[in-house]
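Every number here is computed from the coordinates shown, using simple stated rules; none is lab data. Source: prediction; values computed, not measured. Cβ placement follows ideal geometry from the backbone for every residue including glycine, while neighbour counts extend to all protein chains displayed.
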Amino acid sequence: GKDCRGECANSISNTYYVDDCGQCILPSSDDWNSCLDSDGVVCESGKEYNDCGFCLDPSSDNFADYGKNCNGDCEAASEERYSLDQCGKCLTTEDPDRDSCTDANTNGG
């Protein structure tokens, strides 16, 4: 048989296929299904992927920050979870300095 390029398909590793985005591409390519978001949905209708891989309207106020923690890192790619504590510091929940400005923490307990 022939692959989507019209070439003879002589081995699985060199055979091009049409992915869910309509691209004629090798399945091992980094661009395979590149139009799909993390839920397997095609990003379309004027939407674009932000830095964290979310398919959003690029004109929305939170387009650049959606999916990022208070450190500016994509939450899904971060090994630790960060959030703002009661003192306004961006820390993990396990950080001993978390909420250190509150009376309970400054008085030993």
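Out of N71, N62, N14, any idea which swings most in a Gaussian network model of the chain, alpha carbons joined below 10 Å?
In this elastic network of the chain, the residue with the biggest mean-square fluctuation among N71, N62, N14 is N14.
Could you give me the ³J(HN,Hα) list for the stretch 22-27, computed from phi with Karplus coefficients 6.51, -1.76, 1.60 and θ = phi - 60°, whole Hz, x at Gly and Pro?
In residue order, the calculated couplings are x, 8, 8, 7, 6, x Hz.
Taking Cβ-Cβ under 4.7 Å as the only way to count a partner, pick out the unpartnered cysteines of the chain.
Here C8 come out as lacking a disulfide-compatible partner, given the Cβ-Cβ threshold of under 4.7 Å.
Using 0.36 nm per residue, how much length does the chain from C87 to S60 gain when fully extended, once their Cα-Cα distance is taken away?
Net length gain for the segment: 6.8 nm.
Using a 7 Å offset from the Cα along the Cα-to-Cβ direction at both D97 and C70, what is the distance between the two label points in nm, to one decimal?
1.2
Nearest 500 deg cm²/dmol is fine: what mean residue ellipticity at 222 nm does the chain get from its DSSP H runs of n ≥ 4 alone, each adding -39,500 (n - 2.57), divided by its residue count?
That comes out to -500 deg cm²/dmol.
Express in nm, to one decimal, how much length is gained between D31 and Y17 on full extension, taking 0.36 nm for each residue of separation and deducting their alpha carbon distance.
3.8 nm
Which whole-Hz ³J(HN,Hα) couplings does the stretch 63-68 yield from phi under the Karplus relation 6.51 cos²θ - 1.76 cosθ + 1.60, θ = phi - 60°, glycine and proline marked x?
With the stated coefficients, the stretch 63-68 comes to 3, 5, 9, 4, x, 9 Hz.
Enumerate the calculated ³J(HN,Hα) couplings along the stretch 53-58 in order (Karplus 6.51 cos²θ - 1.76 cosθ + 1.60, θ = phi - 60°), each rounded to whole Hz, writing x wherever the residue is Gly or Pro.
Values per residue, Gly and Pro as x: x, 8, 8, 9, 6, x Hz.
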